[in-house]
1. Being in contact (Cβ under 8 Å) with a residue 24 or more places away in the chain, farther than 30 Å from residue 290 by Cβ, in a helix (DSSP H, G or I) and out of contact with any helix residue (DSSP H, G or I) (no Cβ under 7 Å at 6 or more places or on another chain) narrows it down to one of 422, 452, so name that one.
2. Anything in region 268-309 that is within 12 Å of the ligand (Cβ to nearest atom) and within 22 Å of residue 410 (Cα to Cα)? List them, or say none.
3. Looking at 342, 348 in this structure, which one is surrounded by 18 or more Cβ atoms within 10 Å (Cβ to Cβ), away from the ligand (no atom under 15 Å from the Cβ) and free of Cβ contacts under 8 Å to residues at least 60 places away in the same chain?
4. Just a yes or no: is a residue in region 27-38 free of Cβ contacts under 8 Å to residues at least 24 places away in the same chain and more than 19 Å from residue 235 (Cβ to Cβ)?
5. Is one or more of the residues making up region 479-493 touching a residue at least 12 places away in the same chain (Cβ under 8 Å), under 18 Å from residue 449 (Cα atoms) and touching a strand residue (DSSP E or B) at 6+ places or on another chain (Cβ under 7 Å)?
6. I want to confirm something. Restricting to region 314-339 and keeping residues that are surrounded by fewer than 17 Cβ atoms within 10 Å (Cβ to Cβ) and closer than 15 Å to residue 21 by Cα, which single residue is nearest to the chain's Cα centre (by Cα)?
7. Examine region 315-329 for a residue that is within 11 Å of the ligand (Cβ to nearest atom), in contact with a strand residue (DSSP E or B) (Cβ under 9 Å, 6 or more places away or on another chain) and closer than 28 Å to residue 98 by Cβ, and state whether such a residue exists.
8. Mind listing whichever residues of region 124-146 are closer than 18 Å to residue 273 by Cα and within 12 Å of the ligand (Cβ to nearest atom)?
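The numbers here are math on the coordinates, done by the rules we state, and not lab data. None of the values given here were measured: they were computed from a predicted structure. Here the Cβ positions follow ideal geometry from the backbone for every residue, glycine too, while neighbour counts run over all protein chains shown.
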Ligand code: MSP
């Protein structure tokens, strides 16, 4: 049965660190989808939050000589501020130290245990605190200091401790069958293939509790153990819906989730462990997990040791909020890795926003202000070419929507950029400034066509650039109902005679400050 609800989640962010552009990227992509779906008429729940337990956070707190809870409180607040900074439209912000989450994680554990999928044993093997992940000896390579290194580059340490195990090995067949029957479960396809071959390679039972530190959710009935942080963290997607009370309206409306958006580094946790935990608890599985790529900075891996992580705040302050959001969604095909460079950012801002879209809006709205008394030209006689251009404009909205629905954000924005280029070319050919004297009626028709281009472009820009697009729509005096995606065609055309606001530039050129 299809419904009108859409539930999208970001990963929850570790509180050992401050937000950087990698975190902002995942969140902005989810925000674009959430805003887009709302504009299409969906009832959306968009969740983000912080992952606060585990050895990594405990260690960071110890080295900062603060209590783990104090570190979590301070850094969680930075991620909460990120939602305001990046203009995220999240409906909730979950913290794994909240009672609602602790209750949900323990309830999930109990369900898995009651169904016979958990047993007590002891773990001896390799663990990476940085990745919060277990590794097989065969996956490791020798490091420079005689140490061992995981495929992610993280150091591992030898761990030996009593531990509860989850019977992951029993889920190899069911997981493969699920991937087979639900080809859209993992995206993009390259990740899906990777995961299928990983699972085909054999799954070992998974250690899901730790006893050598205490910063975690106690295992129900055996409080010497804390839950493995990934089991704890993954449950957040359920806790925010009111689980374990499955009669809660949010749970009923939004589970199973439509999309868990994740970075490529954490796809295994979301497409192997998480569905297996849910199968063990006899709960429905999320519909889709999609992994995006990673950013490098000026060609280099972002890392603490290089000290090159970029704070989202710095980008927003220097380049502007919507400009930063535009760059993130525009620069790289979603799913691929990408590189952040100042030059790339400035190019995008100046060529696409200032020179193309901004220029189109500014010159058209100024001409309308000067020559049409600031009103939408009335009763215009458009020629066949004008009608054909508008018809194409309304119809090609479909390809924008198809692209966003398949997370090809940069392609969707191609469509918008192409509309703006087309409209700018139309201005140059039609030269309305000449028509003013020669054929004022024709000038009005040309300006009407251009206003329609701007209206459609501004509606389409809303998911990615909510503030700038609404400035343009405000100038066109478009009502809230006129901003939804159902208002993209003929039926919602601007009404002749409508009074427009005084034009104001929306996308300034970026100029380097003099040294
Ligand atoms: N806490 C876990 C997720 C638990 S979800 C149940 C975690 N947190 S994280 O803070 O380390 O990473 C969160 C997200 O940021 C991941 O999706 C990760 O891929 C993303 N990024 C971290 N660095 C990144 C880049 N350099 N580039 C793009 N995204 C990156 O993992």
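1. 422
2. 289, 290, 291, 292, 293, 294, 295, 296, 297
3. 348
4. So far as region 27-38 goes, no, none of its residues is free of Cβ contacts under 8 Å to residues at least 24 places away in the same chain and more than 19 Å from residue 235 (Cβ to Cβ).
5. no
6. This residue is 337.
7. no
8. Those that are closer than 18 Å to residue 273 by Cα and within 12 Å of the ligand (Cβ to nearest atom): 131, 132, 133.
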